[in-house]
1. Along the positive direction of the dipole of the stretch 2-394 (beta-carbon charges: Lys, Arg +1; Asp, Glu -1; about the Cα centre), which of Ala231, Val246, Asn118 reaches farthest?
2. Let me check I've understood the local charge: for Tyr28, count other residues with C-beta under 11 angstrom from its C-beta, Lys and Arg +1, Asp and Glu -1. What total comes out?
3. Once R0 is set to 35 Å, what does the formula 1/(1 + (r/R0)^6) return for the Cβ-Cβ distance between Ala158 and Ile57, expressed as a FRET efficiency to the nearest 0.05?
4. Identify, among Phe175, Tyr9, Phe102, the residue whose Cα sits farthest towards the positive end of the charge dipole of the chain, taking +1 on the Cβ of Lys and Arg and -1 on the Cβ of Asp and Glu, with the dipole about the Cα centre.
5. At q = 0.17, 0.19 Å⁻¹, what base-10 log of I(q)/I(0) does the Debye formula yield for the stretch 6-61 when every alpha carbon is treated as an equal point scatterer in vacuo?
6. Can you give the longest stretch of the chain with no exposed loop site, where a site means trypsin sites (Lys or Arg not before Pro) in a DSSP loop (not H, G, I, E or B) with at most 13 other C-beta atoms within 10 Å?
7. Evaluate Rg over Rh across the chain, taking Cα atoms for both radii and Kirkwood's formula for Rh.
8. Dipole magnitude of the chain about its Cα centre, charges +1 at Lys/Arg Cβ and -1 at Asp/Glu Cβ only, in debye to the nearest 20?
Amino acid sequence: MKKKLNVLYWMLYDFANTIYSMNVVSLYFALWITVDKKGEDIFYSIALSVSMIMAAILEPLTGAMSDIHGRKIPFLLVFTLVCCVATGLIGTASTLVIGLIFFAIANTAYEAANVFYNALLYDISTKENIGRISGYGVGLGYIGTIFGLLMVKPFVVAGGRQSAFIPTSILFFLFSVPCLFLIREPIPAEKKIFKIEIKKALQRIKDTFRQSQKYPGVIRFVLAAFVFFNAINTCIIFMSVYTKKVIGFSDPEMVTFYIISTTFAILGSFLFGFLTDRLGAKKALSISLGIWLAGLTIAMLTASRGIFYLVGPLVGIGLGSTWVSSRALAVQIAPEGKIGEIFGLYGLAGKSSAILGSLVWGITVLAFGFLGLFKYRIAIFVQCLFIIIGWFILRGVPYGNRHGASTGEVL
């Protein structure tokens, strides 16, 4: 019973943090910058890239420190609180620059927190159910997205897009409470000095790269994740801008589009939870990348608002399935005692890719500005290339078992 409750508490954090990712990263903040404040896409790209650089520095280090301590939740608690406070402060920002600074802080903390949330999957799952539990978490997370959209929408209707941020921060914190305070981790008897932990954490990261041949698939998986997350993170960030400017959706139509996408993300998460356990995490991840490619290709080619609604289900399924299968694969290939470190590197790949991806998007849009709105279709095409290259790299990743020992099998 206790294990089942821990799974539920863990899943509720997914419910909580997707309220932030949808309302802030994917929808209202991008529009507040580019529409309300008349800022360029590159402003958002820079702020996002700064947050990802900060997270990329923090994640491998704090992940390794987590392994040294044998603790994850204290790190998760600190980063979650920072994210919630900074998100609320965006709602009080009087200028574009101040809003960008608060966003950079909030997003850094949000991304860093995910390392420890994902790493908890190792503790609450087994080899037999890791895919399903990962899928349940992602699925409940996307239910949280719909809940967050509906709960925050009245504030936006009454007070504008900036009014979304304070209620989003409150909802994020409230639904993260069970995971932060009710899951109990064993407390190590030995306590270490913070300075020594930093040195040891850096040494552990160096050792992982030096001894990469002992951990088949880890470095290749991190590289593949870096490439395909370029496209995924970028599309999450700029999809609202694309649907607004290229397809011409109104704000209510965009909310409807996101709800449709999220509904299919929920279905895809649950479905791929079972497929991951049945087919293996690597095969499931390869299928999800194919779904992403199909959705982005339609988005790039269509000029029809009706046909564009097909993009929502495809991207939704692709999004949910990617998170389910990729983090399950990360757990499967992680060496014993290095789960926090591997998720730190996994997070580093995601953050680094978001830095590059968002900058590539911003630069592409600027470079092809003379083509009018067609510049956005070129930007989508570039993301398709990232998906294809990432899939080719992923093919060389060997399968792993529950504790990371490779079977050596390659797809």
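1. Result: Asn118.
2. 0
3. That gives a FRET efficiency of 0.35.
4. My answer, from the dipole projection, is Tyr9.
5. Computed log10 I(q)/I(0) values: -0.72, -0.81.
6. 193-394
7. Answer for the chain: 0.95.
8. 580 debye
Laboratory data are not the source of any read-out in this text; all were calculated from the coordinates shown. None of the values given here were measured: they were computed from a predicted structure. Neighbour counts are summed over all protein chains in view; Cβ atoms, including those assigned to glycine, are modelled from backbone coordinates with ideal geometry.
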